[in-house]
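Input: a single structure, listed below in structure tokens.
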Amino acid sequence: MQQDFHETIQLTARPDAVWAVVSDIPTVLSWISIVEAVEEVEPDAQFRVVLADKLGPFKLRADLNVVVGEREPGSSIRARGDGEDRQIGSRLIIEVALALEEREGSTQLDVSGSYEVTGRPASLGAGAIRKK
């Protein structure tokens, strides 16, 4: 199961203030409800992330390797995470891009990407995954 996502958010803060927050990857990951733990492997570039959640009839506990592939200071970040939950035979691939643009003293933040889940949860719990 693959799903694309996109969200545009208008923020009253200036781009430099928004960048200071969104470029702190462990902080951004902490906002995601299914992230249980984050460990920085290489400063600002590579992270080990543990996802934990209940998806339909399955309990997911996946270890992901997240790599920041692109970083344009003050304007954009691209990252990719992949890993698996060996217990239930599921593989996850996540790609995300954040882009900031100044808009008359405020900031437009575009968040887009996709995620792919394979294995039993994808075939039996697709509806629950999409809701999360």
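The values are calculated or read from the model by the stated rules, or taken from the named source; none is laboratory data. Just so it is clear, the model here is predicted, and its values are computed rather than measured. FYI the Cβ positions are ideal-geometry reconstructions off the backbone, even for glycines, and counts take in every protein chain you see. Quick note on the areas: whole protein, heavy atoms, side chains included, nothing else; ligands and nucleic acids left out. Shrake-Rupley method; radii C 1.70, N 1.55, O 1.52, S 1.80 Å.
Once both labels are positioned 7 Å from their Cα atoms along Cα-to-Cβ, the gap between residue 71 and residue 21 label points is 1.9 nm. Normalised by residue number, the volume inside the convex hull of the Cα atoms of the range 57-111 is 91 Å³ per residue.
Look at [x] 55, 34, 22; [y] 47, 31, 20; [z] 37, 33, 23: the one that is Cα extents along the principal axes in Å derived from this structure is [y]. Taking Lys and Arg as +1 and Asp and Glu as -1, the other residues whose beta-carbon sits under 11 Å from that of residue 107 total -3. Each other residue within a Cβ distance under 11 Å of residue 84 adds +1 if Lys or Arg and -1 if Asp or Glu, for a net charge of 0. Using just its DSSP H runs of length 4 or more, each adding -39500 (n - 2.57), the chain gives a mean residue ellipticity at 222 nm of -4500 deg cm²/dmol after division by all residues. For the range 29-68, chymotrypsin sites (Phe, Trp or Tyr not before Pro) are listed when DSSP marks them as loop and at most 10 other Cβ atoms sit within 10 Å of their Cβ; the list is 31. Taken about its Cα centre, the range 1-102 carries a charge dipole of roughly 440 debye when the Cβ of each Lys and Arg holds +1 and the Cβ of each Asp and Glu holds -1.
What's the local net charge at residue 41, with K and R +1, D and E -1, over the other residues with C-beta under 15 Å away? With Lys, Arg at +1 and Asp, Glu at -1, the neighbours total -4. Excluding ligands, DNA and RNA, the accessible surface per residue across the range 1-116 is 59 Å² with a 1.4 Å probe. Here the accessible area is traced with a 1.4 Å probe on the protein chains. For the range 1-83, carbon and sulfur cover 51 percent of it.
With the chain treated as a Gaussian network of Cα nodes joined by springs under 10 Å, which of 41, 50, 68 yields the largest mean-square fluctuation? Its mean-square fluctuation being the largest, the pick is 41. When the charge dipole of the chain is built from unit charges on Cβ atoms (+1 for Lys and Arg, -1 for Asp and Glu) and taken about the Cα centre, the candidate among 73, 9, 37 whose Cα reaches farthest toward its positive end is 37. A full extension of the chain between residue 93 and residue 108 corresponds to an added length of 2.8 nm, given 0.36 nm per residue minus the alpha carbon distance.
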